[in-house]
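Input: a single structure, listed below in structure tokens.
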Amino acid sequence: MAATIIDGKAIAASRREQIAARVGELKEAMGVTPGLAVVIVGENPASQVYVRSKEKACAEVGILSEKHALPEDVSQQELLALVDELNTRNEIHGILVQLPLPEHIDEDAVIEAITPAKDVDGFHPISVGKMMIGQETFLPCTPHGCMVLLEETGIELKGKEAVVVGRSNIVGKPIAMLLLAQHATVTICHSRTRDLAEVVGRADVLVVGVGRPEMIKGDWIKPGAVVIDVGINRTDAGLVGDVEFEAAKERASAITPVPGGVGPMTIAMLMENTLLSAMRATNMD
Ligand code: NDP
């Protein structure tokens with residue numbers, strides 16, 4: 001039987017509606033509008049697209065967005081000074097520095113300069129550490145979005161074999177931690193994993209974030225598995241994921257499409273974090 005297609009676009013739209021309602025309540029109760037500062041350096045076309053989508057989502061849910069576009073050759077000192085200023089401004093509740101940054105800028109130093117109270121991307125070492133030890137914090141948006149999609153499928157994660165392919169700091173590692181927190185038995189695979197197909201075949205829940213078009217073959221997938229494909233690959237045939245979708249959907253019980261799966265959730269979770277930050281700042285959380 002073909003898999004249920006997990007409609008990230010629809011799930012994200014419904015989350016944005018809920019967020020918009022809560023933004024309205026916050027405005028009414030406290031006179032506060034959540035504010036997100038988006039910092040973009042240079043002209044990277046993919047980054048421009050992401051930033052535009054974030055601005056559009058903010059407008060839709062009633063969050064004020066403030067874009068700071070800096071030239072490619074901006075100095076690290078100037079960028080850090082901007083982050084410092086945003087840290088201190090009360091009407092800004094979230095700060096997002098669009099990655100990647102140009103080579104001459106130390107990305108870690110910039111992320112660490114963002115005050116954890118406004119770290120709506122969840123990339124600051126304090127946010128990462130808190131997530132790791134199960135304390136309340138801003139969860140990174142893509143991994144959080146994957147967890148929401150899993151929740152929507154109704155799958156009980158406790159005791160399940162979960163396999164994560166990819167171990168980056170923004171996708172694989174945090175997803176593995178969130179699955180572990182839900183009591184799944186988690187295996188993390190990467191480029192040195194031996195016999196990837198065999199490990200993938202054990203997964204009741206498979207999350208893939210590699211960045212290689214359709215590298216996970218449909219016939220590797222355990223029948224009935226739930227598959228979350230984080231990959232976004234631009235090919236001549238258009239956008240494709242890391243999982244061979246057509247074949248995989250014949251074996252999985254549920255699977256995310258690319259596009260229209262994880263992608264829209266990432267931005268919805270960013271909106272949610274910005275709202276949460278504004279609620280914390282006004283003691284309404
Ligand atoms: P990275 O390049 O940082 O990490 C890729 C990971 O895949 C690494 O851990 C790497 O292993 C592993 N890998 C590479 N080749 C293989 C292989 N042959 N077998 C097993 N593992 C392998 O990418 P990101 O985590 O940043 O992104 C992953 C994908 O997710 C990309 O397509 C990206 O576009 C997409 N993405 C989508 C988002 C969304 O909103 N939907 C948000 C963020 C990313 P090793 O560590 O050993 O090198």
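Summary of values
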quantity: Surface per residue (accessible, 1.4 Å probe) for the chain, Å²; calculated: 47
quantity: At least 20 Å along the helix axis (C-alpha) and Kyte average at least 0.5, DSSP helices within the chain; calculated: 262-281
quantity: Residue 29-residue 99 FRET efficiency (beta carbon distance; Förster radius 41 Å; 0.05 resolution); calculated: 0.75
quantity: Separation of alpha-carbon centers, region 1-29 and region 191-224, rounded to whole Å; calculated: 29
quantity: Accessible carbon and sulfur surface of the chain relative to its total accessible area, %, 1.4 Å; calculated: 52
quantity: Cα→Cβ-extended label distance, 7 Å offset, between residue 283 and residue 234, nm; calculated: 4.9
quantity: Relative contact order (percent, whole number), region 176-285, Cα cutoff 8 Å, 6+ residue spacing; calculated: 20
quantity: Largest-first principal axis extents of the Cα set of the chain (Å); calculated: 52, 44, 37
quantity: Mean shadow area of region 126-280, taken as a quarter of the surface of its Cα convex hull (nm²); calculated: 9.2
quantity: Distance between modelled label sites at residue 169 and residue 85, nm, 7 Å Cα→Cβ extension; calculated: 2.6
quantity: Total charge dipole magnitude, the chain, about the Cα centre, Cβ charges on Lys, Arg, Asp, Glu only, Debye to nearest 20; calculated: 700
quantity: Over the chain, relative contact order from alpha-carbon pairs under 8 Å, at least 6 apart, %; calculated: 23
quantity: Prolate/oblate/rounded call for region 154-228, Cα gyration tensor, a/c under 1.5 rounded; calculated: oblate
quantity: Loop-located trypsin sites (Lys or Arg not before Pro) in region 195-276, at most 16 other Cβ atoms within 10 Å (DSSP); calculated: 202, 217
quantity: Gain upon complete extension [residue 73, residue 48; 0.36 nm per residue less C-alpha separation]; calculated: 7.3 nm
quantity: Fully extended contour minus Cα-Cα distance, from residue 14 to residue 219, at 0.36 nm per residue; calculated: 70.5 nm
quantity: Computed lengthening from residue 66 to residue 156, 0.36 nm per intervening residue step minus Cα-Cα distance; calculated: 28.4 nm
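The values are calculated or read from the model by the stated rules, or taken from the named source; none is laboratory data. Please read all numbers here as calculations on a predicted model, not as lab measurements. Ideal geometry is used to build each Cβ from the backbone, glycine not excepted, and the neighbour counts take in all protein chains shown. Accessible surface areas use protein heavy atoms only, side chains included; no ligands, DNA or RNA. Shrake-Rupley method; radii C 1.70, N 1.55, O 1.52, S 1.80 Å.
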